[in-house]
Amino acid sequence: MTESSRGGTTPHTPLPTSSESATREGAPEGVVVREGDYGARIAAVEPGGAGFIPLGQRHGRPLDLLWTWTSPNLEFATVFLGVLAVAAFGLTFWQATAAIVAGTLLGSATHAVLSARGPRYGVPEMVLGRVPFGHRGNMLPSAINSVAGGVGWFAVNSVSGSLALNTLTGMPKPLCLAIVVALQAGVAFFGHNLVHAYERYAFPVLAVVFGIASVIILAKADVGAPAPDGAGTGGIGAFLIVVGASFGYAAGWNPYAADYTRYLPSTASPRAAGLWAGLGVFAGCTVLQIVGAASATLGGKALADPTGAFTGHLPSLVANLTLLVIAIGAVGANAINIYSGSMSFVATGIRLPLPVRLQRALVAGAFGAVGLVVAYFGLDDAGHDYEAFLLVIAYWIGPWLGVVLADLVLRRGVWTARDADARVDAMVFDVRRRSWAGPAAMAVAVVVSVWLFSNQEKYVGIVPSHHPSFGDITFAVGFVLAALLYAVLRKVPGFRENG
């Protein structure tokens, strides 16, 4: 939008129409504006879909993003990634710590860059993705993200939360799963404001209990011990696998970034929004992954019974409180996963025969139902399911990030120009716009990087099968390859954008 329409303080007023694509007075022609009155209300269902948030509906502070992004990482999947570094891949505690910090720092930095765009452009992350991917081509990452977040991450975290509740209460696992899923889907159904509120109020509870548990585990841990017997071979290969897994875990939030900053006032500092969002991801991921690595030095059935093995090292009261906050943390993580998964689905442009005002909310409910089924079948093999999912999530995010960040660099004149708002609007909201360089670069990079460099239980690529010391650098290769391909293809006839 123009500086006058986005930078002013007068809210847009609705035109007399109920269409999702209706614009509001003062908004340039063709801009899709999120309809309905929502404001800062918590006990209200967020209306509309993936449109621009009117200035009069903006609220919040950049600082709020600290707990919005710390809370969903204070959960057991974070701990388990640290456990894997030692128990599955054979790293020592200090090697695991170095790999965790390196990978998480990279994923948090990219999260900060993407989060910073929310206040200015007022649309979800996957809508901004239409700039490098085009309107139709953007369906590729949007569809993948809707499934990865709304179903994949949802199922993984639901299992950890339900297993913790089962251990704490003794209730049947399916019942525990149903309770956890109902809470998660309920928060996501109501939408943006309730998600933020949940993370804010859960934060002190999660921080205090996990903080106490972390102190106890770290005090008991044998940080100078060699890797446990029966673990992986360790070495540089294992180190690179853990770097990639830690990056993938932190960067797994990247496709959601602007979803949680687009409601900030347009006058909010982009730098502050990015800083607090990135710091939240880094703090939550790093601390609990390191604690997980420390717990693996204490022995126990870390892979066969992940939750029980971790809490088994704690005094009874602290163990029970930890089980409770594992369930609370799972709800916080999955509220974000379902919400952004449904937002990504809406961003694909697929129209369902549902009321437009409730389409996002109803899609969130549907993801909850599908995720419930997937999680149910993962209850009895949680350790291996965690491992398989956590280690491959970066395979598509690396190439997607390569395209998005390369576009920010190559198109920096557009993003920083005085008329940047209007020029970006034209690329985001023009349904006729095509840019096949983005989806082509991403697709090729995913296939080639996995084929050559994947190093997982289900598939070992050509390079690590002959040279195991390479570990798993799939995410790095995918990122670089996608960025280079995009830079070249965007100038090739047939791939260059038409608008």
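Can you give me the number of residues within region 264-280 that are surrounded by 24 or more Cβ atoms within 10 Å (Cβ to Cβ), out of contact with any Gly (no Cβ under 6 Å at 6 or more places or on another chain) and assigned to a loop (DSSP other than H, G, I, E, B)?
Result for region 264-280: 0.
Which one is surrounded by the fewest Cβ atoms within 10 Å (Cβ to Cβ), of the residues in region 197-240 that are without any contact (Cβ under 8 Å) to a residue 12 or more places away in the chain and not in a helix (DSSP H, G or I)?
Taking region 197-240 as the starting set, the residues that turn out to be without any contact (Cβ under 8 Å) to a residue 12 or more places away in the chain are 201, 204, 208, 211, 215, 219, 229-230.
If we keep only those that are not in a helix (DSSP H, G or I) too, we end up with 229-230.
On the way: Asp229: 7, Gly230: 9.
Among them, the one singled out is Asp229.
Within region 304-321, is there a residue that is out of contact with any Asp or Glu (no Cβ under 6 Å at 6 or more places or on another chain), within 24 Å of Ser146 (Cβ to Cβ), buried (at least 22 other Cβ atoms within 10 Å of the Cβ) and touching a residue at least 24 places away in the same chain (Cβ under 8 Å)?
In the first step, residues of region 304-321 are kept if they are out of contact with any Asp or Glu (no Cβ under 6 Å at 6 or more places or on another chain); the result is 304-321.
With the extra rule that they be within 24 Å of Ser146 (Cβ to Cβ), the set shrinks to none.
Checked against the condition, which is being out of contact with any Asp or Glu (no Cβ under 6 Å at 6 or more places or on another chain), within 24 Å of Ser146 (Cβ to Cβ), buried (at least 22 other Cβ atoms within 10 Å of the Cβ) and touching a residue at least 24 places away in the same chain (Cβ under 8 Å), region 304-321 yields no hits at all.
Only one of Leu81, Leu163, Leu91, Leu114 is surrounded by 24 or more Cβ atoms within 10 Å (Cβ to Cβ), touching a helix residue (DSSP H, G or I) at 6+ places or on another chain (Cβ under 6 Å) and outside any helix (DSSP H, G or I). Can you tell me which? Show your work before the answer.
On the way: Leu81 fails: outside any helix (DSSP H, G or I); Leu163 fails: outside any helix (DSSP H, G or I); Leu114 fails: outside any helix (DSSP H, G or I).
Every option except Leu91 fails the conditions.
Starting from region 141-153, take each residue that is over 13 Å from Tyr395 (Cβ atoms) and list its partners that are surrounded by fewer than 21 Cβ atoms within 10 Å (Cβ to Cβ) and among the hydroxyl-bearing types (Ser, Thr, Tyr), counting only C-beta distances under 7 angstrom and pairs at least six apart or across chains.
Matching pairs, first to second residue: Ser142/Thr348; Ala143/Thr348.
Just to be sure before I move on: is Asp472 outside any helix (DSSP H, G or I) and either at pLDDT 90 or above or crowded, with 16+ Cβ neighbours inside 10 Å (or both) in the structure I sent?
Values: outside any helix (DSSP H, G or I): yes; either at pLDDT 90 or above or crowded, with 16+ Cβ neighbours inside 10 Å (or both): yes.
Spelling it out, Asp472 is indeed outside any helix (DSSP H, G or I) and either at pLDDT 90 or above or crowded, with 16+ Cβ neighbours inside 10 Å (or both).
Criterion first (at pLDDT 90 or above and not in a loop (DSSP other than H, G, I, E, B)) does Ala443 satisfy it?
yes
Test of understanding: among Leu401, Leu408, which residue is modelled with pLDDT under 95, under 19 Å from Leu114 (Cα atoms), within 24 Å of the chain's Cα centre (by Cα) and of a type in the set (A, V, I, L, M)? First the steps, then the outcome.
Details: Leu401 fails: modelled with pLDDT under 95.
So the residue among Leu401, Leu408 that is modelled with pLDDT under 95, under 19 Å from Leu114 (Cα atoms), within 24 Å of the chain's Cα centre (by Cα) and of a type in the set (A, V, I, L, M) is Leu408.
Output the number of the condition that Pro464 fails; it satisfies all remaining conditions of (1) under 18 Å from Leu405 (Cβ atoms); (2) assigned to a helix (DSSP H, G or I); (3) of a type outside the set (Val, Ile, Thr).
Answer for Pro464: the failing condition is (1).
Would you check if there is a residue in region 411-422 being outside any helix (DSSP H, G or I) and within 21 Å of Thr110 (Cβ to Cβ)?
Initial filter on region 411-422 (outside any helix (DSSP H, G or I)): 411, 417-419.
Then keep just the ones that are within 21 Å of Thr110 (Cβ to Cβ); that gives 411.
Yes, the conditions are met somewhere in region 411-422.
Kindly provide the set of residues from region 106-129 that are aliphatic (A, V, I, L, M) and in contact with a Ser or Thr (Cβ under 8 Å, 6 or more places away or on another chain), ordered by number. Before you say what the answer is, go through the steps one by one.
Kept after step one, since they are aliphatic (A, V, I, L, M), are these residues of region 106-129: 106, 109, 112-114, 116, 123, 126-128.
Correct list: Ala116, Met126.
Residue check: is Ala283 of a type in the set (Gly, Ala, Ser), at pLDDT 95 or above and either out of contact with any Gly (no Cβ under 8 Å at 6 or more places or on another chain) or assigned to a loop (DSSP other than H, G, I, E, B) (or both)?
yes
The values are calculated or read from the model by the stated rules, or taken from the named source; none is laboratory data. It should be emphasised that the depicted structure is a prediction, and the values quoted were computed from it without experimental measurement. Because the Cβ atoms are built from the backbone with ideal geometry, glycine has one as well, and the counts that use them run over all protein chains shown.
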